[in-house]
């Protein structure tokens, strides 16, 4: 009986220690293998920190996460931290509900000195009105995945380095049994070509200018793939990945995160990786969310959240996160960690994908671009790639509708 009471006292003390931990509620939308990797890292952090406990809350998807965040602001019951997209951040920052990362950084001299170790695009992406408001969390870049075996059979020694060369390669690859590529109609594909050809989505006054010569050239390039040379197939969802894995298409474009999925599928051919081809400019877009701290959280909770964020963004953890998930490390020094050097030795092409961060860019961060993006796809891109309509006409129509909608949003 005495041993039983001692055991109860031990449990009570243990519970007391646990209850004394500062709770950091983290809302996110990471599921599947990516979510499991995140949970393992959170568990590791919690085990290493006696005074802090990060509580992971998976909202299922980003739409649900966005709705929950907005509802929590109205009820004044926000989480401590959450994943946020840039357009969300602009609205949240204007509403004064985000506690800026700058306030932590200015008091943290060590971290301030480490800012130069972050790829510039990630700092710029999280800066609003010259203030670092959020910090990068799960970030990726575009890449091409190709069937090395088919390339070798066709006598093609490497993946094309320019868009002109890519069109020639696609015509060589296509045959009765296989197509060169397949893709879904997305703004991401259009803007990649647009920027590579020297164009832009918006001007300095945040007015749409994608109906430029470069915009026309980008759509015509895609139309030629589908209608003129018939080397590509329009797909939906993840059909393009399935076609690639089955050997029916020779290469596809995707997020760097797609690589983990493709390798897990264990196709019966060798998969190659390649960076985005070069046009007039060499460019790649970053994707993914950032992490925000909410002002409504107690000061001790915000401070504890900062400890977690710094840990997660440390070079070693970023290296492990990137290797396990396919996201890119946000720190330059992560490239020098032992785990990354070993990975580059095993998969030398991966380095070229990550090195795209040196010239990476990001989409407009204004909330109005959320609706603008949808309209560009619906009014311009889908008609252009489903029926081979005149791109110049469709781009002008898209510009007018996007401008009208964005002005209403202001």
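The values are calculated or read from the model by the stated rules, or taken from the named source; none is laboratory data. It should be emphasised that the depicted structure is a prediction, and the values quoted were computed from it without experimental measurement. With ideal geometry, Cβ positions are generated from the backbone for all residues, glycine too; neighbour counts draw on all protein chains shown.
Remarks
- Across the range 96-113, the number of residues qualifying as free of Cβ contacts under 8 Å to residues at least 24 places away in the same chain and out of contact with any helix residue (DSSP H, G or I) (no Cβ under 8 Å at 6 or more places or on another chain) comes to 5.
- Here residue 35 clears all of (1) closer than 22 Å to residue 300 by Cβ; (2) surrounded by fewer than 20 Cβ atoms within 10 Å (Cβ to Cβ); (3) under 16 Å from the mean Cα position of the chain (by Cα) except the condition numbered (1).
- Scanning the range 23-46 for residues that are modelled with pLDDT under 95 and in a loop (DSSP other than H, G, I, E, B) yields a single hit, 31.
- When the range 90-118 is limited to residues that are under 18 Å from residue 360 (Cβ atoms) and in contact with a strand residue (DSSP E or B) (Cβ under 7 Å, 6 or more places away or on another chain), the one that is surrounded by the most Cβ atoms within 10 Å (Cβ to Cβ) turns out to be 118.
- The range 61-94 - residue that is more than 23 Å from residue 21 (Cβ to Cβ), outside any helix (DSSP H, G or I) and at pLDDT 95 or above and, of those, nearest to the chain's Cα centre (by Cα): 85
- Single residue of the range 193-212 satisfying the filter (surrounded by fewer than 21 Cβ atoms within 10 Å (Cβ to Cβ) and touching a strand residue (DSSP E or B) at 6+ places or on another chain (Cβ under 9 Å)) that is nearest to residue 229 (Cα to Cα): 209
- Among (1) more than 18 Å from the chain's Cα centre (by Cα); (2) in a helix (DSSP H, G or I) - the single one residue 281 does not satisfy: (2)
- With respect to (1) under 28 Å from the mean Cα position of the chain (by Cα); (2) touching a residue at least 40 places away in the same chain (Cβ under 8 Å); (3) more than 30 Å from residue 94 (Cβ to Cβ), the lone exception for residue 396 is condition (1).
- Restricting attention to the range 227-261 and to residues that are more than 22 Å from the chain's Cα centre (by Cα) and crowded, with 20+ Cβ neighbours inside 10 Å, the residue that is farthest from residue 194 (Cα to Cα) turns out to be 245.
- Checking each residue in the range 194-210 for being in contact (Cβ under 8 Å) with a residue 60 or more places away in the chain and within 10 Å of residue 281 (Cα to Cα) picks out 195, 196, 197, 198.
- Residue 157 vs. criteria touching a helix residue (DSSP H, G or I) at 6+ places or on another chain (Cβ under 8 Å), outside the structural domain of residue 79 (by TED's automatic domain parsing), surrounded by fewer than 14 Cβ atoms within 10 Å (Cβ to Cβ) and part of a loop (DSSP other than H, G, I, E, B): yes
- Any hit, the range 263-272, residues being in contact (Cβ under 8 Å) with a residue 40 or more places away in the chain and within 16 Å of the chain's Cα centre (by Cα): no
- Residue, surrounded by the most Cβ atoms within 10 Å (Cβ to Cβ), within the range 320-361, restricted to residues that are in contact with a strand residue (DSSP E or B) (Cβ under 8 Å, 6 or more places away or on another chain) and over 14 Å from residue 256 (Cα atoms): 331
- Of all residues in the range 168-187 being in a helix (DSSP H, G or I) and buried (at least 18 other Cβ atoms within 10 Å of the Cβ), the one that is nearest to the chain's Cα centre (by Cα): 187
- Residue in the range 274-281 that is under 23 Å from residue 195 (Cα atoms), out of contact with any strand residue (DSSP E or B) (no Cβ under 9 Å at 6 or more places or on another chain) and surrounded by fewer than 16 Cβ atoms within 10 Å (Cβ to Cβ) present: yes
- Any chance residue 380 is on the phi < 0 side of the Ramachandran plot, buried (at least 17 other Cβ atoms within 10 Å of the Cβ) and in the same structural domain as residue 33 (by TED's automatic domain parsing): no
- Residues that are in a strand (DSSP E or B) and under 19 Å from residue 361 (Cβ atoms), drawn from the range 119-138: 127, 128, 132, 135, 136, 137, 138
- Single match in 292, 297, 305 (criterion: assigned by TED's automatic domain parsing to the domain that holds residue 329, in a loop (DSSP other than H, G, I, E, B), buried (at least 17 other Cβ atoms within 10 Å of the Cβ) and on the phi < 0 side of the Ramachandran plot): 297
- Residue identified as at pLDDT 50 or above and touching a helix residue (DSSP H, G or I) at 6+ places or on another chain (Cβ under 9 Å) among 49, 20: 49
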